[in-house]
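These notes are about the structure you will find just below.
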Amino acid sequence: MDKPMSSIGFKFMTIMFRIRDYFQPRMDLLKEAGIKSGFHVLDYGCGPGSYIAPLTELIGANGKIYALDIHPAAIKEVERIARRKGIECIETIVSGCHTGLPDNHADVVLLYDTFHDLSQPDDVLRELHRVLKVGGTLSFSDHHMKAHDIIERVTNTGLFNLLKKGKKTYLFAKEG
């Protein structure tokens, strides 16, 4: 995830995600993350914004969504979705690693289908650990990786412990 994919690749991915989202609603994954009203959620590697609308339902009027992606087209698509749906509780971030968020700020970080593509995954995990509140949760899903690889790669840093494996996600707790 060091450099954005081509614009054509991004457009193709966006179309494929819309088809996927029709048959497999994103709310199914989000429910496993334990997101509550008022939460601050970082969608790390947000892509074309598949989680934005359902996240808005979960966080309510007092919550906040931070949508981060390395691809400017992804951020433009998220901003378009927000304008079209009247979502005001969102902030977009163009970055390949650093969020710019304060320490201990997010209640939940979503890391969905991104980890396999990172060239410096430990740097990203350190950044996610930094922005998560104590007791915060890293919700992880990556269909490109096997279960044991996911658990090993995330917990080997000593930053996170596995809380539980859901049907579609792995939940990791921030370590002190």
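The values are calculated or read from the model by the stated rules, or taken from the named source; none is laboratory data. This is a predicted model, so every value here is computed, not measured. No Cβ is skipped: glycine too gets one built from the backbone with ideal geometry, and neighbour counts run over all protein chains shown.
Can you find a residue in the stretch 128-139 that is out of contact with any Phe, Trp or Tyr (no Cβ under 9 Å at 6 or more places or on another chain) and either of a type in the set (S, T, N, Q) or part of a helix (DSSP H, G or I) (or both)? Checked the stretch 128-139: at least one residue is out of contact with any Phe, Trp or Tyr (no Cβ under 9 Å at 6 or more places or on another chain) and either of a type in the set (S, T, N, Q) or part of a helix (DSSP H, G or I) (or both). Evaluating Leu58 against the criteria (1) under 13 Å from the mean Cα position of the chain (by Cα); (2) modelled with pLDDT of 95 or more; (3) assigned to a helix (DSSP H, G or I); (4) hydrophobic (A, V, I, L, M, F, W, C) leaves one unmet condition, (1). In the stretch 141-160, the count of residues that are touching a residue at least 40 places away in the same chain (Cβ under 8 Å), under 25 Å from Lys31 (Cβ atoms) and not charged (D, E, K, R) is one or more. If you take the residues in the stretch 31-81 that are closer than 26 Å to Lys164 by Cβ and of a type in the set (Lys, Arg), which one is surrounded by the most Cβ atoms within 10 Å (Cβ to Cβ)? Checking each candidate, the answer is Lys64.
Looking across the stretch 7-34, the residues that are basic (Lys, Arg), closer than 21 Å to Leu58 by Cα and modelled with pLDDT of 65 or more come down to Arg18, Arg26, Lys31. Taken as a whole, the structure leaves Arg126 outside the set of residues that are surrounded by 12 or more Cβ atoms within 10 Å (Cβ to Cβ), in contact (Cβ under 8 Å) with a residue 24 or more places away in the chain, out of contact with any strand residue (DSSP E or B) (no Cβ under 9 Å at 6 or more places or on another chain) and more than 19 Å from Pro102 (Cβ to Cβ). If you go through the stretch 67-103 and keep only what is small (Gly, Ala, Ser) and touching a Cys at 6+ places or on another chain (Cβ under 8 Å), you end up with Ala67, Ala74. Residues that are in a helix (DSSP H, G or I), hydrophobic (A, V, I, L, M, F, W, C) and surrounded by fewer than 19 Cβ atoms within 10 Å (Cβ to Cβ) within the stretch 82-107 are absent altogether.
Here's the yes/no breakdown for (1) of a type in the set (D, E, K, R); (2) crowded, with 21+ Cβ neighbours inside 10 Å; (3) touching a Cys at 6+ places or on another chain (Cβ under 6 Å); (4) within 11 Å of Ala33 (Cα to Cα):
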position: Val134; (1), (2), (3), (4): no, no, no, no
position: Ser139; (1), (2), (3), (4): no, yes, no, yes
position: Arg153; (1), (2), (3), (4): yes, no, no, no
position: Thr157; (1), (2), (3), (4): no, no, no, no
position: Lys164; (1), (2), (3), (4): yes, no, no, yes
position: Lys168; (1), (2), (3), (4): yes, no, no, yes
position: Leu171; (1), (2), (3), (4): no, no, no, yes
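Answer yes if at least one residue in the stretch 104-113 is modelled with pLDDT of 95 or more and either in contact with a Pro (Cβ under 8 Å, 6 or more places away or on another chain) or more than 24 Å from Lys168 (Cβ to Cβ) (or both), and no otherwise. For the stretch 104-113, residues modelled with pLDDT of 95 or more and either in contact with a Pro (Cβ under 8 Å, 6 or more places away or on another chain) or more than 24 Å from Lys168 (Cβ to Cβ) (or both): present. Exactly one residue out of Lys174, Lys167, Lys146 is in contact with a Leu (Cβ under 8 Å, 6 or more places away or on another chain) and of a type in the set (Lys, Arg): that is Lys174.
The set of residues in the stretch 165-174 that are at pLDDT 95 or above and either in a helix (DSSP H, G or I) or of a type outside the set (Val, Ile, Thr) (or both) comprises Lys165, Tyr170, Leu171, Phe172, Ala173.
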